[in-house]
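For reference, the structure is listed below as structure tokens.
Derivation of every value follows stated rules applied to the coordinates shown; laboratory data play no part. Computed from a prediction, not measured in an experiment: that's the story for all the values here. Positions of Cβ are generated from backbone atoms using ideal geometry, with glycine treated the same way; all protein chains shown enter the neighbour counts.
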Amino acid sequence: MISVEEARKTILEAIEPLPAERLCLLDVLGRVLAEDVVSTRTIPPWDNSAMDGYALRAEDTEGAAAQSPVSLQIVGEVAAGGYYEAPLQPGEAVRILTGAPVPAGANAVVMQEIVEVSDGTLRLRAPVPRGANVRPAGEDVAAGTCVLQRGTPLKPAHIGMLAALGKSFVQVFQRPRVAILATGDELVEVDRPLGQGQITNSNAYALTAQVEACGAQPVMLGIARDHPDDLREKLRAAIHADLLVTSGGVSVGDFDYVKEVLAAIGCTMRFWKVAMKPGKPLAFGTMGGKPVFGLPGNPVSTMVSFELFVRPALRRMMGDRAPFAPELHARLDPPLRGGGKRTNFVRVTLHHEGGELVARSTGNQGSGILSSMVAAHALAVLPPDDAQHSEADLILLDPHALSPPFPNESSTAD
């Protein structure tokens, strides 16, 4: 039996990113960039106005005061998408709209709200500083700058930047295809009535959702019965996947055949047990260079094991430089006991109280209590000891848990 840290290290050392593919910009949201993106453009490409007003030479406004205004002749107008051809001469101003190129010779823009205009003449009662309300060329991006690095997960802002750079296609890492196989004679499909001693195959659906949530492609292989021949046949269907996940059949029961069958079809196992709860019976190996995970069968154990081990493996395969889920630190209320000889991952809810983050247990922590995962915002990581802990590191499961609640009707009513 190895520690959680050893297990994670062993897994990530065995995994390399998948090859890259070139995709249309509209198809890469959530994917991981497989190339450094160096700008061939200056953004913005020219000095432009930050607001509606008048472009002028700042030196022409020196000495302007309430009692002695400076007058400038308005000689033209320029809107976004256009340009003013002639260089601005001393004593001249050009009407300009937001985003329009600042005319040559101009070095400032005055807001239209603070000037007087009549008969083609602009009057100012205060000097305008050089550079006022002008967005200089290259303020956002200079040509030759590495704007986005290989290994960056692409969010909406990245898509916008790539478009601004003129990149209609981009290299991203391929999405892993993940074969998911549930095992057990007791399992029935979700739409079938339950007979004596049967349970619904919820694990396959939870795992499918977890795979999709981290950006990979799930391939459901159905249910394998507790018989080596059926297991062997179902596992053959995983040959075209990039990663295999099974649930159930990795414990020490008389009918837990997954380890035996995997070994028989050429899987080299790296470990079988991890010092954690829930989820001690957890297997990892490789078959034909592809990762294979044997997760325990209890619903919570399956989901927690996925978050701790399979998720970072998939993110690594997708090229993510930071494959682990976000971690936080919180006060525990009430304090929680350590995991004895194993690291304990306690399902908790998160609360903001008095300027600090507080975590509370969801209640019953049994490995079959799926409702505890439904309620959980995070996993509190408790060390392998018997001490009471008043604070803990957390692995975030639900980023929305940190968002402030929407005000209720009573708080917004007049």
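Apply the Karplus parameterisation 6.51 cos²θ - 1.76 cosθ + 1.60, with θ equal to phi minus 60°, to every residue of the stretch 381-398 and state each ³J(HN,Hα) to the nearest whole Hz, in sequence, with x for glycine and proline.
Karplus values, whole Hz, x for Gly and Pro: 9, 10, x, x, 8, 10, 7, 8, 10, 8, 8, 7, 6, 10, 9, 6, 9, 10.
Quick one: which of Lys9/Lys155; Lys155/Lys290; Lys234/Lys290; Lys167/Lys290; Lys234/Lys273; Lys234/Lys259 span more than 26 angstrom between C-alpha atoms? Spell out each step's value before the answer.
Numbers: Lys9/Lys155 28 Å; Lys155/Lys290 28 Å; Lys234/Lys290 17 Å; Lys167/Lys290 33 Å; Lys234/Lys273 24 Å; Lys234/Lys259 14 Å.
The answer is Lys9/Lys155; Lys155/Lys290; Lys167/Lys290.
When the chain is modelled as a GNM with alpha-carbon springs shorter than 10 Å, which of Gly279, Gly131, Gly319 fluctuates the most?
Gly131
For the chain, what are the per-bin percents of Cα-Cα distances with bins 10 Å wide, up to the bin holding the maximum?
So the P(r) values, bin by bin, are 4, 17, 19, 17, 13, 10, 9, 7, 3, 0.
For every helix of n ≥ 4 consecutive DSSP H residues, a contribution of -39,500 (n - 2.57) applies; sum these over the chain, divide by its total residues, and give [θ] at 222 nm rounded to the nearest 500 deg cm²/dmol. Provide the component values of the computation, followed by the final result.
Numbers: 9 runs with 71 residues, N = 414.
My calculation for the chain gives -4500 deg cm²/dmol from helical runs alone.
Hey, what did the stretch 327-402 get for relative contact order, percent, Cα under 8 Å, at least 6 apart? Walk me through the numbers before you get to the answer.
Working: 171 pairs, mean separation 33.6, N = 76.
Taking the mean separation of contacting Cα pairs over the length of the stretch 327-402, I get 44 percent.
In whole percent, what relative contact order does the chain give with Cα contacts below 8 Å and a gap of six or more residues?
16 percent.
Please list 3J(HN,Hα) in residue order for the stretch 28-40, calculated via the Karplus relation 6.51 cos²θ - 1.76 cosθ + 1.60 where θ = phi - 60°; whole Hz, with x for glycine and proline.
10, 4, x, 7, 10, 5, 10, 8, 6, 9, 9, 6, 9
5 Å is the cut-off here: which amide hydrogens, built 1.01 Å from N in the peptide plane, fall below it relative to Gly76, excluding neighbours closer than 5 in sequence?
Distant-sequence amide H within range of Gly76: Arg95.
Report the dimensions of the stretch 1-159 along its three principal axes from the alpha-carbon atoms, largest first, rounded to Å.
Largest to smallest, the principal-axis extents are 86, 32, 23 Å.
Using a Gaussian network model on the chain with a 10 Å cutoff between Cα atoms, which of Thr286, Thr183, Thr40 fluctuates the most?
Thr40
Whole-Hz Karplus ³J(HN,Hα) for the stretch 50-58, in order, using 6.51 cos²θ - 1.76 cosθ + 1.60 and θ = phi - 60°, x for Gly and Pro?
Computed from phi, the couplings for the stretch 50-58 are 7, 6, 6, x, 9, 7, 7, 9, 4 Hz.
Out of the DSSP beta bridges found with both residues in the stretch 327-402, what percent are antiparallel (nearest 5)?
Details: 22 of 24 bridges.
Just about 90 percent of them are antiparallel.
Report the dimensions of the stretch 48-135 along its three principal axes from the alpha-carbon atoms, largest first, rounded to Å.
The principal-axis extents, from largest down, are 38, 24, 21 Å.
Using amide H atoms built in the peptide plane, which far-off residues or other-chain residues are under 5 Å from Ile2 H to H?
The list, which skips near neighbours in sequence, is Lys273, Val274, Ala275.
Charges at C-beta only: +1 for Lys and Arg, -1 for Asp and Glu. How large is the resulting dipole of the stretch 269-393 about its Cα centre, in Debye rounded to 20?
On the way: 15 positive and 10 negative charges, 143 e Å.
The dipole of the stretch 269-393 has a size of about 680 debye.
Quick check: from the Cα gyration tensor, does the stretch 327-402 come out rounded (a/c under 1.5), prolate or oblate?
Details: a/c = 1.82, a/b = 1.16, b/c = 1.57.
Since a/c reaches 1.5 but b/c is at least a/b, the shape of the stretch 327-402 is classed as oblate.
Just want to confirm a number: the relative contact order over the stretch 48-135, from Cα pairs under 8 angstrom separated by 6+ residues, in percent. Don't skip to the end; give the middle numbers.
Working: 232 pairs, mean separation 38.6, N = 88.
Worked out over the stretch 48-135, it gives 44 percent.
Quick one: of the DSSP bridges fully inside the stretch 48-135, what percent are antiparallel, nearest 5? Walk me through the intermediate numbers first.
Working: 18 of 23 bridges.
Rounded to the nearest five, the antiparallel share is 80 percent.
Give the cross-link partners of Lys341 among the aspartates and glutamates, using a straight C-alpha distance below 14 Å as the criterion and excluding same-chain residues fewer than 8 apart.
Asp385, Asp386
For a footprinting-style exposure proxy, rank Ser247, Ser371, Ser168 by other Cβ within 10 Å, fewest first.
On the way: Ser247 30, Ser371 13, Ser168 10.
Final ranking by Cβ density, sparse to dense: Ser168, Ser371, Ser247.
Nearest 5 percent is fine: what portion of the DSSP beta bridges confined to the chain is antiparallel?
Working: 59 of 86 bridges.
Approximately 70 percent, going by the DSSP bridge assignments.
How big is the stretch 277-414 along each principal axis, measuring the range of its Cα positions in Å and listing the largest first?
Each principal axis gives a Cα extent; for the stretch 277-414 these are 66, 37, 27 Å.
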